[in-house]
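Enquirer: Got a structure here, written out as structure tokens. Questions coming.
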Amino acid sequence: MKKISRRVFLKLFGGGALATSAALAACGGKAAGAKDAEDEYKNQVEPPVGKMTYREDPHTKNKISLLGYGMMRLPTMKDTKGGSSDEIDQDMVNKLVDYAIEHGVNYFDTSPAYCQGKSEASTGIALHKYPREKYYVATKLSNFSPTTFSKKASIEMYHNSMKELQVDYIDYYLLHAIGGGGMEALHQRFLDNGMLDFLVAEREAGRIRNLGFSYHGDIEVFDYLLENHDKYKWDFVQIELNYLDWEYANEINPDNTDAKYLYGELEKRGIPAVVMEPLLGGRLSKLPQFLYTRIKQRDPEKSAASWAFRYAGSPEGVLTVLSGMTFMEHLKDNLLSFCPLTPVTEEDKEFLYEVAKEIVGTDNIPCNDCKYCLPCPYGIDIPGIFVHYNKCKNEGRIPLEIMEEEYAKRRREYLIGYDRAVPRMRQADHCIGCAQCVEHCPQSIKIPQELMKISEFVENLRRNPVIKHDEQPQDNTDSES
């Protein structure tokens with residue numbers, strides 16, 4: 001049987017995993033994973049009521065909670081009751097929203113594309129019992145598909161959002177994910193069909209109170225819209241901002257733009273920033289153990305997530321920081337970061353930038369688990385595959401070389417964990433490379449290539465017999481130097 005050699009592994013996955021493993025060994029710690037995250041919540045303090053930090057919207061003078069609820073990762077029956085149903089657990093959504101409002105959260109962000117199209121309706125149900133002035137709702141024109149490019153289809157989507165949310169006006173309305181597809185997509189989705197002019201008119205009529213856009217991708221589009229700020233008068237812009245993306249977004253992915261530039265361009269024009277991905281889909285809360293240990297040593301009372309949230313909320317030009325909170329313990333922990341906010345100091349920032357530099361060196365797949373790539377026409381659970389790989393890598397549990405003493409254990413753990421996390425029919429080996437997912441990925445991940453690498457890696461693990469540590473494996477290294 002063919003055995004994977006060290007050289008083959010490095011050709012597939014690069015040196016990042018080895019660097020992570022070496023760092024873990026150097027600090028003598030075992031990997032941080034779900035158990036460590038759970039441990040952080042065991043003695044969780046209740047967040048105080050009446051202590052939320054608010055920012056004033058410069059246009060409307062509304063007081064917006066610095067923590068905003070992102071309705072992207074709503075709890076499902078699978079999350080809360082077990083089993084395999086992806087049906088939203090509306091009772092749990094109601095409880096989470098009630099608790100959030102009780103503790104001062106008043107900004108709720110959704111989209112027709114979230115939760116397989118179910119998020120707006122669920123959000124509307126949870127909010128409807130409250131007086132309309134009690135909350136601010138944000139949603140988006142998510143006309144990604146060519147079938148929704150027409151003005152008629154886009155207007156139908158806009159009106160349907162109001163119906164699902166059970167409102168007659170929208171507080172914050174966004175052109176969704178501009179930059180994906182470049183200037184051509186901007187023209188198709190918003191300019192040539194007259195939709196942007198329509199939305200500006202809707203703002204003038206009061207059915208949209210604030211008009212903005214969320215940015216992913218091509219910087220030419222971001223710059224174009226800001227250069228035309230005098231024409232469109234953007235009320236806010238949603239950007240990805242966290243201590244990793246501040247200066248290293250471009251290093252993680254050459255197609256991304258550092259948050260330092262994005263925020264700076266908004267600040268120059270006095271446009272408030274709404275922050276998305278403060279945790280990079282959880283990657284900044286599930287750090288490799290040596291970084292997790294370093295963060296806890298700096299302040300044992302604060303979670304890894306709280307450092308990222310405090311960083312994102314510290315700039316004065318940030319109106320609100322969005323977080324998709326599936327479980328009550330996550331909501332409580334995030335509330336503790338903003339009730340009230342203790343801004344990070346300059347010294348804290350330098351510490352976090354050092355952590356960011358180390359994260360770049362781990363060379364993970366930059367998946368934020370946003371699920372924009374879904375549904376895959378072939379049923380592949382793309383984020384589930386990437387999340388499992390990154391988790392094992394961060395925890396130092398990737399089986400690297402057959403000669404390692406831990407190889408058999410790690411091989412078994414990876415394969416069992418993979419089958420539990422992702423059903424066999426939804427795993428990477430079923431990807432045919434159609435690339436329909438690529439244009440929807442905010443991180444510009446070359447998804448088919450990454451899936452192929454993982455598929456080959458998993459196949460090698462499955463075919464390789466477990467050998468004793470003192471046995472010499474067959475060397476399949478080719479003759480290339």
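Enquirer: Packing-wise, with mean Cβ within 10 Å as the measure, how do 308-317, 282-291 rank, highest first?
Expert: Per-residue mean Cβ counts within 10 Å order the peptides as 282-291, 308-317.
Enquirer: Under 5 Å between amide H atoms, partner at least 5 residues away or on a different chain: which partners does residue 181 have, H built in plane at 1.01 Å?
Expert: 218
Enquirer: For residue 56 and residue 187 in one chain, what is 0.36 nm times their gap in residues minus the Cα-Cα distance, to one decimal in nm?
Expert: Separation in residues times 0.36 nm, less the Cα-Cα distance, equals 43.9 nm.
Enquirer: Let me ask another. Going from most exposed to least, what order do 438, 458, 49 have by accessible area with a 1.4 Å probe?
Expert: The ordering from most to least exposed comes out as 49, 438, 458.
Enquirer: Tell me, what are the semi-axes, in whole angstrom and largest first, of the equivalent ellipsoid of the range 132-172 as set by the roots of 5 times the Cα gyration tensor eigenvalues?
Expert: 23, 9, 7
Enquirer: Once you compute Rg and the Kirkwood Rh from C-alpha atoms, what is the Rg to Rh ratio for the range 85-174? The partial results should precede the final answer.
Expert: Values: Rg = 13.5 Å, Rh = 13.7 Å.
On the Cα set of the range 85-174, Rg over Rh gives 0.99.
Enquirer: Can you tell me the length gained on complete extension of the stretch residue 132 to residue 87, counting 0.36 nm per residue apart and subtracting the Cα distance?
Expert: Extending this stretch completely gives an extra 13.5 nm.
Enquirer: Where the only charges are on Cβ atoms (+1 Lys, Arg; -1 Asp, Glu), what is the dipole of the chain about its Cα centre, to the nearest 20 debye?
Expert: 1100
Enquirer: Further, regarding this structure: Given an 8 Å cut-off on Cα distances and at least 6 residues of separation, report the relative contact order of the chain as a percent.
Expert: The normalised contact order for the chain reaches 20 percent.
Enquirer: Further question on the same structure: Given 78/118; 140/163; 231/268; 61/163; 302/332, which pairs have Cα atoms separated by over 19 Å?
Expert: Check vs 19 Å cut-off fails for 61/163.
Enquirer: Working with all protein chains in place, sort 86, 168, 109 by solvent-accessible area computed with a 1.4 Å probe, largest first.
Expert: On the way: 86 75, 168 110, 109 5 Å².
The ranking, largest first, comes out as 168, 86, 109.
Enquirer: Now a separate question. Per the Kirkwood formula on distinct C-alpha pairs, the Rh of the range 316-471 is how many angstrom?
Expert: Details: mean 1/r = 0.0544 Å⁻¹.
That comes to 18.4 Å for the range 316-471.
Enquirer: Tell me, what are the semi-axes, in whole angstrom and largest first, of the equivalent ellipsoid of the chain as set by the roots of 5 times the Cα gyration tensor eigenvalues?
Expert: So the three semi-axes of the chain are 39, 25, 22 Å.
Enquirer: How many nm separate the modelled label positions at residue 435 and residue 413, each set 7 Å beyond the Cα in the direction of the Cβ?
Expert: So the two model labels end up 3.7 nm from each other.
Enquirer: Roughly how many Å is it from the Cα centre of the range 196-225 to that of the range 295-359, as a whole number?
Expert: Cα centres, the range 196-225 to the range 295-359: 29 Å.
Enquirer: Hey, another quick one. Taking H placed 1.01 Å from N in the peptide plane, check which residues at least 5 places from residue 274 or on another chain put their amide H under 5 Å from its amide H.
Expert: 237, 238, 239, 319
Enquirer: What is the range 315-407 by shape, rounded, prolate or oblate, if you read a ≥ b ≥ c off the alpha carbon gyration tensor as root eigenvalues and call it rounded for a/c under 1.5, prolate for a/b larger than b/c, and oblate otherwise?
Expert: oblate
Enquirer: For the chain, report the accessible area per residue in Å² (1.4 Å probe, heavy atoms, rounded to an integer). Present the calculation step by step, with values, prior to reporting the outcome.
Expert: Working: 21300 Å² over 481 residues.
Normalised by residue count, the accessible surface of the chain is 44 Å².
Enquirer: For the range 48-133, what number results from the quotient of the Cα radius of gyration and 2.2 N^0.38 Å?
Expert: My calculation over the Cα atoms of the range 48-133 gives 1.18.
Enquirer: Next up: At 222 nm, what value in deg cm²/dmol follows for the chain if DSSP H runs of at least 4 each add -39500 (n - 2.57) and the sum is divided by all its residues, to the nearest 500?
Expert: When only DSSP H runs of four or more count, the value is -13000 deg cm²/dmol.
Enquirer: OK, next. Report the semi-axes of the equivalent ellipsoid for the range 212-363 in whole Å, largest first, where each axis is √(5λ) for an eigenvalue λ of the Cα gyration tensor. Kindly include the intermediate steps, with their values, before the conclusion.
Expert: Working: eigenvalues 146, 63, 35 Å².
Here the semi-axes work out to 27, 18, 13 Å.
Enquirer: Using a 1.4 angstrom probe on heavy atoms only, work out the carbon and sulfur share of the accessible area of the range 349-396 in %.
Expert: Numbers: 920 of 1710 Å².
Looking at the range 349-396 in its full context, I get 54 percent from C and S.
Enquirer: Suppose accessible area is computed on protein heavy atoms with a 1.4 Å probe; arrange 235, 192 from highest to lowest.
Expert: 192, 235
Enquirer: Test of understanding: what is the full-extension gain from residue 342 to residue 406, defined as 0.36 nm times their sequence separation minus their Cα-Cα distance?
Expert: 18.8 nm
Enquirer: In addition: Could you work out what % of the accessible surface of the range 185-292 is carbon and sulfur, using a 1.4 angstrom probe and leaving DNA, RNA and ligands out of the count?
Expert: 45
The values are calculated or read from the model by the stated rules, or taken from the named source; none is laboratory data. Since we're looking at a predicted model, the values are computed, not measured. Please note: Cβ atoms are built from the backbone with ideal geometry, for glycine as well, and neighbour counts cover all protein chains shown. Note: areas computed on protein heavy atoms with side chains; ligands, DNA, RNA excluded. Shrake-Rupley method; radii C 1.70, N 1.55, O 1.52, S 1.80 Å.
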